[in-house]
1. Just to check your reading of the model, which residue among Ala167, Ala118 is touching a Ser or Thr at 6+ places or on another chain (Cβ under 6 Å) and either closer than 19 Å to Lys65 by Cα or at pLDDT 95 or above (or both)?
2. Can you find even one residue in segment 133-140 that is without any contact (Cβ under 8 Å) to a residue 40 or more places away in the chain, under 18 Å from Tyr122 (Cα atoms) and of a type outside the set (Asp, Glu)?
3. Mind listing whichever residues of segment 68-112 are part of a loop (DSSP other than H, G, I, E, B) and buried (at least 17 other Cβ atoms within 10 Å of the Cβ)?
4. Pairs please, first residue from segment 36-54 and under 18 Å from Leu159 (Cα atoms), second anywhere and assigned to a loop (DSSP other than H, G, I, E, B) and at pLDDT below 90, Cβ atoms under 7 Å, 6+ apart in sequence or on different chains.
5. Enumerate the pairs (first residue in segment 55-73 and without any contact (Cβ under 8 Å) to a residue 60 or more places away in the chain; second residue anywhere and β-branched (Val, Ile, Thr) and in a helix (DSSP H, G or I)) with beta-carbon separation below 7 Å, excluding pairs fewer than 6 apart on the same chain, so at least 6 apart or on different chains.
6. Pull up segment 143-164, narrow it to residues that are farther than 24 Å from Gln68 by Cα and not aliphatic (A, V, I, L, M), then point me to the one that is modelled with the lowest pLDDT.
7. Provide a single number: the residues in segment 48-67 that are at pLDDT 95 or above and part of a strand (DSSP E or B).
8. Which condition breaks for Trp162 when tested against (1) touching a residue at least 60 places away in the same chain (Cβ under 8 Å); (2) not in a loop (DSSP other than H, G, I, E, B)?
Amino acid sequence: MAEKILRPLIVVFIILALVGCANQPNDQETDVTDSTNTPNLNLPEDSTCVPGNQDPYVWRPARLKLIQPCVRATGTLMEMSDAEADGDIHMELLLDAPYESLLTAGNQRDNGHLVLEAVCQYTPPLIEALRICASDPDPYRGPFPQIGDHIWVEGRYVLDLWHESQAELHPLYRWGMITP
């Protein structure tokens, strides 16, 4: 009898704890008025692009400082992670020389690579992110590049203020192979 009562109470407690943690106010690192880490971009003329439709599905967008609505860059894919807690796929791109000005000192935490985030690729365990991803009627489903592929990428160029203002394309809008 006690077990029948205790089990639902534990589930309710866990859900409330998760929701409470997800709704914590942003800390000091999320001050989007800080312009001290804004990179001085000197990109090739063909580095602009047309934004995609994935911006509304970024988890906690206030942590990201928008630098440019859409940037195109080229490089070699060096790493790709499994799903993150927000449902995104995290990739790292070793930029070709003309695009290295996209990087900030914060990118050293990711091996000096540009971070690419394809949003809502997996069912996220975070309830707040689950609501966001569930509302996405047209998530980008790949296919995705493989480690070692030389590719072009397009995405919203931001600084992630929760990760030492590292530069990212978040969300990643599109990508393609570069053939030799």
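The values are calculated or read from the model by the stated rules, or taken from the named source; none is laboratory data. Fair warning: this is a prediction, and the values are worked out from it, not measured in the lab. Every residue, glycine among them, receives a Cβ derived from its backbone with ideal geometry; neighbour counts consider all protein chains shown.
1. Working: Ala118 fails: touching a Ser or Thr at 6+ places or on another chain (Cβ under 6 Å).
After ruling out the rest, the residue left standing is Ala167.
2. Taking segment 133-140 first, the residues without any contact (Cβ under 8 Å) to a residue 40 or more places away in the chain are 134, 137.
Applying the additional criterion that residues be under 18 Å from Tyr122 (Cα atoms) yields 134, 137.
Imposing the further condition that a residue be of a type outside the set (Asp, Glu) reduces the set to 134, 137.
For segment 133-140, residues without any contact (Cβ under 8 Å) to a residue 40 or more places away in the chain, under 18 Å from Tyr122 (Cα atoms) and of a type outside the set (Asp, Glu): present.
3. Taking segment 68-112 as the starting set, the residues that turn out to be part of a loop (DSSP other than H, G, I, E, B) are 84-88, 96, 103-104, 111-112.
Glu84, Asp86, Gly87, Asp88, Leu103, Thr104, listed by residue number.
4. Gln54/Tyr140
5. Ala62/Thr30
6. If we filter segment 143-164 for residues that are farther than 24 Å from Gln68 by Cα, which is where we start, we get 143, 146-149.
Retained after the next criterion (residues that are not aliphatic (A, V, I, L, M)): 143, 146, 148-149.
Values: Pro143: 89, Gln146: 96, Gly148: 97, Asp149: 97.
Filtering segment 143-164 for residues that are farther than 24 Å from Gln68 by Cα and not aliphatic (A, V, I, L, M), the one modelled with the lowest pLDDT comes out as Pro143.
7. Residues flagged as at pLDDT 95 or above and part of a strand (DSSP E or B) within segment 48-67 amount to 4.
8. That leaves (2) as the condition not met.
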